[in-house]
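Presented below is the structure to which this report refers.
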Amino acid sequence: GMKRGKKAEEAAAEGENDTASAPSKKAKAAKEPEGPILYDDPPDKMTSKDGRNANMKITSWNVDGLRAWVKKKGLDWVREEDPDILCLQETKCAEKALPAEITSMPEYPHKYWAASGDKEGYSGVAMLCKTEPIKVTYGIGKEEHDKEGRVITAEFPSFYLVTAYVPNASRGLVRLDYRKTWDVDFRAYLSELDMQKPLVLCGDLNVAHQEIDLKNPKGNKKNAGFTPEEREGFSQLLAAGFVDSFRELYPEQTNAYTFWTYMMNARSKNVGWRLDYFVLSSSLLPGLCDSKIRNKAMGSDHCPITLHIAV
């Protein structure tokens, strides 16, 4: 059936095939234990290529359940980070059930919520802003995609901000076909926006683009998030005139991940995936200052990411 055994589960997370190539137990025991290679997010750069100071700070975080994340003191971290705009994904919370700690936050007077229509406690995104956007819309204008609370778009004077929780292809790739349709339609939506104003897309895009973007590429080529189809979908988005801000600034940086499964101590071993992105219209590139991975922040199976930009 669909449920894989523990061994297969570990192979997927570790990306190892359980074949004869594995060293014998004896050889393993004799090896010096290696500490995990962690990514140390460098100090924030606050000026852009063209010499402007960052004037917009955006944070994105897949909170894996907003109510649990609030209980785990996620908002303390947010107040510390103090972005101009906070985007959240996988809130898993109907609007009527949102905790008062977040709905009454005075720092962010302008708050926008999109929840899943059919399935409660599934998907869901939010955008919290210090200054009011010109206009806010929900979904991408296609019925088949807009029932799950996956996209919020806010228009600001000089750019659009889109936050998204991209559909997961799921175990056994049962939703891969749906995901391929989504990728095409979402790209068309973004390209259309981009003709009016440049955009920043942030969120959990549910794909590790290249081998450098996950710890174990070899063992994951047939797993959700690293199939050739999903990777190609992301490549096509970039080809349409968009840029992966982190990779643009740190092309060679390994071990930089934003998601770790809760199983097998993956986070302490840094066996992770980079699934969360700030993707920019190419025309915003001159104003890019920094793209941060805040991997010390706990509270979810994802860590937050932050963008500094001059717009």
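The values are calculated or read from the model by the stated rules, or taken from the named source; none is laboratory data. Just so we're clear, the structure is a prediction, and the values are computed from it rather than from any experiment. All Cβ positions, even for glycine, are placed from backbone atoms using ideal geometry, and neighbour counts span all protein chains on display. Keep in mind that these areas ignore ligands, DNA and RNA; they rest on the heavy atoms of the full protein, side chains included. Shrake-Rupley method; radii C 1.70, N 1.55, O 1.52, S 1.80 Å.
Restricting attention to region 32-44 and to residues that are in contact (Cβ under 8 Å) with a residue 40 or more places away in the chain and out of contact with any His (no Cβ under 7 Å at 6 or more places or on another chain), the residue that is surrounded by the fewest Cβ atoms within 10 Å (Cβ to Cβ) turns out to be Ile37. Could you tell me which residue of region 116-137 is most open to solvent (accessible area, probe 1.4 Å), considering only residues that are in a loop (DSSP other than H, G, I, E, B) and modelled with pLDDT of 95 or more? This residue is Glu132. Look at Thr91 and say whether it is open to solvent by less than 10 Å² (accessible area, probe 1.4 Å), of a type in the set (Val, Ile, Thr) and touching a strand residue (DSSP E or B) at 6+ places or on another chain (Cβ under 6 Å). So Thr91 fits the description; yes.
On the basis of being assigned to a loop (DSSP other than H, G, I, E, B) and within 21 Å of Ser116 (Cβ to Cβ), does Pro157 make the cut?
When the stated conditions are applied, Pro157 does not pass them.
Does Lys222 meet the test of being at pLDDT below 95 and surrounded by fewer than 21 Cβ atoms within 10 Å (Cβ to Cβ)?
Values: at pLDDT below 95: no; surrounded by fewer than 21 Cβ atoms within 10 Å (Cβ to Cβ): yes.
In short, no.
Here is a check on your reading of the model: is Arg294 basic (Lys, Arg) and under 25 Å from Phe186 (Cβ atoms)? No; evaluated as a whole, the condition is false for this residue. Applying the criterion of being within 17 Å of the chain's Cα centre (by Cα) and among the polar types (S, T, N, Q) to the residues of region 228-250, the residue that is farthest from Ser60 (Cα to Cα) is Ser235. The number of residues in region 248-265 being farther than 18 Å from Pro304 by Cβ and of a type outside the set (Ser, Thr, Tyr) comes to 6. Only one of the numbered conditions (1) surrounded by fewer than 20 Cβ atoms within 10 Å (Cβ to Cβ); (2) without any contact (Cβ under 8 Å) to a residue 40 or more places away in the chain; (3) touching a helix residue (DSSP H, G or I) at 6+ places or on another chain (Cβ under 9 Å) is not met by His145, and that is (2).
Within region 272-285, identify whether any single residue is farther than 19 Å from Phe234 by Cα and open to solvent by 10 Å² or more (accessible area, probe 1.4 Å), and answer yes or no. Checking region 272-285: not a single residue is farther than 19 Å from Phe234 by Cα and open to solvent by 10 Å² or more (accessible area, probe 1.4 Å).
Matching residues to (1) open to solvent by 20 Å² or more (accessible area, probe 1.4 Å); (2) aromatic (Phe, Trp, Tyr); (3) free of Cβ contacts under 8 Å to residues at least 60 places away in the same chain; (4) on the phi < 0 side of the Ramachandran plot:
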site: Val200; (1), (2), (3), (4): no, no, no, yes
site: Asp213; (1), (2), (3), (4): no, no, no, yes
site: Pro228; (1), (2), (3), (4): yes, no, yes, yes
site: Ala240; (1), (2), (3), (4): yes, no, yes, yes
site: Glu248; (1), (2), (3), (4): yes, no, yes, yes
site: Met264; (1), (2), (3), (4): yes, no, no, no
site: Asn270; (1), (2), (3), (4): no, no, no, no
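The set of residues in region 158-177 that are open to solvent by 10 Å² or more (accessible area, probe 1.4 Å) and within 19 Å of the chain's Cα centre (by Cα) comprises Tyr160, Tyr165, Asn168, Ser170, Arg171, Arg175, Leu176.
Mind checking which residues of region 186-197 are open to solvent by 30 Å² or more (accessible area, probe 1.4 Å) and in contact (Cβ under 8 Å) with a residue 12 or more places away in the chain? Explain how you work it out, then say what you get.
In the first step, residues of region 186-197 are kept if they are open to solvent by 30 Å² or more (accessible area, probe 1.4 Å); the result is 187-189, 191-192, 194-197.
Passing the criteria: Arg187, Tyr189, Ser191, Asp194, Gln196, Lys197.
All of (1) out of contact with any helix residue (DSSP H, G or I) (no Cβ under 8 Å at 6 or more places or on another chain); (2) farther than 24 Å from Arg294 by Cβ; (3) surrounded by 15 or more Cβ atoms within 10 Å (Cβ to Cβ); (4) basic (Lys, Arg) hold for Lys96 with one exception: (3). Any residue at all in region 88-107 that's assigned to a strand (DSSP E or B) and modelled with pLDDT of 95 or more? Scanning region 88-107, I find at least one residue that is assigned to a strand (DSSP E or B) and modelled with pLDDT of 95 or more, so the answer is yes.
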